[in-house]
1. Where in region 163-259 are there GluC sites (Glu not before Pro) that are in a DSSP coil and have at most 12 other Cβ atoms within 10 angstrom of their Cβ?
2. Return the sequence-ordered ³J(HN,Hα) values of region 240-252 in whole Hz as given by the Karplus equation 6.51 cos²θ - 1.76 cosθ + 1.60 applied to θ = phi - 60°, using x for Gly and Pro.
3. Measure out, as a whole number of angstrom, how far apart the alpha-carbon centroids of region 59-77 and region 160-198 sit.
4. Hey, what number do you get for the chain at 222 nm if only DSSP H runs of n ≥ 4 count, each worth -39500 (n - 2.57), divided across all residues, to the nearest 500?
5. Got a sec to turn the phi values of region 224-229 into Karplus ³J(HN,Hα) couplings, 6.51 cos²θ - 1.76 cosθ + 1.60 with θ = phi - 60°, whole Hz, x for Gly and Pro?
6. Compare 48, 64, 181 in a GNM of the chain, Cα atoms joined below 10 Å, and give the one with the largest fluctuation.
7. What are the GluC sites (Glu not before Pro) within region 53-129 that DSSP puts in a loop, where the Cβ has at most 16 other Cβ atoms within 10 Å?
8. Only Lys, Arg, Asp and Glu count, each charged at its Cβ (+1, +1, -1, -1), so figure out the dipole size of region 164-259 about its Cα centre, rounded to 20 debye.
Amino acid sequence: MAAVGKSYQKFNPRAYLQNNYMPPRANFTSEDCVVPWKLRCLAEAFSTGELHGRTLIDIGSGPTIYQLLSACDYFEEIIATDYLEVNREVLQGWVHGESGAFDWSPYIQHVCQIEGKGEPWQVKEQKLREKLKKILPIDIHQPNAGLPAHRPADALISTFCLEAASPDLPSFQRALRNVTTLLKPGGHFLMIGALEESFYLAGEAKLSVVPVTEEDVKEALAKSGYRLHAFRAYIMPPSLKIGVDDVRGVFFTHAQKKL
Ligand SMILES: C[S@@+](CC[C@H](N)C(=O)[O-])C[C@H]1O[C@@H](n2cnc3c(N)ncnc32)[C@H](O)[C@@H]1O
Ligand SMILES: O=[N+]([O-])c1ccc2c(c1)CN[C@@H](CO)C2
């Protein structure tokens with residue numbers, strides 16, 4: 001794990017955002033594009049009303065908040081986490097509305113549109129800023145992911161973290177077991193991740209990724225005591241293979257920790 005941690009020291013949040021959250025990958029004109037696909041998976045999962053409660057923990061938030069936009073109506077407090085201080089600082093900057101922070105408004109506008117509640121995007125933005133109560137350090141390779149003792153979360157979300165922080169499949173499975181201890185029995189876990197990716201770039205950093213298939217993800221969830229509610233896969237079109245990684249596709253999974 002030391003090697004993974006070392007390679008992350010050069011992770012550049014701005015470059016990472018540029019690579020994955022700006023055009024062409026951030027194209028909202030077609031539902032076939034990857035970002036609208038991810039946002040729709042999350043909006044649909046939360047719209048069922050099955051996921052709600054006091055606390056949602058986001059595992060490996062990185063410098064992004066898109067993954068929390070549909071969650072903020074259903075939880076009193078949202079805890080963001082990341083391994084790198086630079087990412088926690090980027091998130092803090094967005095929460096405080098600092099100038100120069102990444103502009104998530106196209107994402108917020110898109111989510112308000114697909115949720116169809118007629119909610120002004122500035123209202124959703126303010127709501128998320130209020131709910132993002134804590135931004136904590138985390139290490140998914142430590143017991144309880146290294147988080148301070150905490151009442152079990154009502155739900156977990158994690159996007160592109162476990163496979164991007166694990167050198168091999170056994171490590172991925174152990175990391176999933178570690179984060180699962182943070183979730184109450186019966187709690188829901190939404191995960192988005194990369195399928196069959198072996199690396200990605202973030203400025204000077206070239207990060208290794210453990211390539212996982214749909215079966216690998218499903219097996220790891222089963223081994224960690226989850227019941228699978230949904231699994232969807234998006235195949236990356238050639239137009240979105242832009243050299244910043246070798247990702248083949250993106251998975252979305254909704255799982256529930258057995259009682
Ligand atoms: C590919 S980024 C995902 C960022 C964001 N969740 C998204 O959806 O784009 C992977 C994140 O995992 C974090 N990470 C790396 N090693 C980690 C570890 N051992 N424990 C927890 N997070 C880690 C990195 O700092 C980075 O922010
Ligand atoms: O297409 N996307 O929206 C998208 C967003 C984030 C990431 C990827 C693809 C692929 N690489 C991962 C890091 O392992 C990060």
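1. Of the GluC sites (Glu not before Pro), the ones in loops of region 163-259 whose Cβ has at most 12 other Cβ atoms within 10 Å are 204.
2. Per residue, the Karplus-derived 3J(HN,Hα) values read 9, 8, 10, x, 7, 6, 10, 5, 8, x, 10, 10, 10 Hz.
3. After rounding, the separation between the Cα centres reads 17 Å.
4. On the way: 9 runs with 88 residues, N = 259.
After summing the helix terms and dividing by the residues of the chain, the value is -10000 deg cm²/dmol.
5. 8, x, 9, 9, 7, 9
6. 48
7. Numbers: sites: 76, 77, 85, 89, 98, 115, 125; in loops: 98.
Counting only loop positions with at most 16 other Cβ atoms within 10 Å, the GluC sites (Glu not before Pro) in region 53-129 are 98.
8. On the way: 12 positive and 10 negative charges, 124 e Å.
Computed about the Cα centre, the dipole is about 600 debye.
Laboratory data are not the source of any read-out in this text; all were calculated from the coordinates shown. Keep in mind that what you see is a predicted model, and the values were worked out from it rather than measured. Cβ: placed from backbone, ideal geometry, glycine included. Neighbour counts: every protein chain shown.
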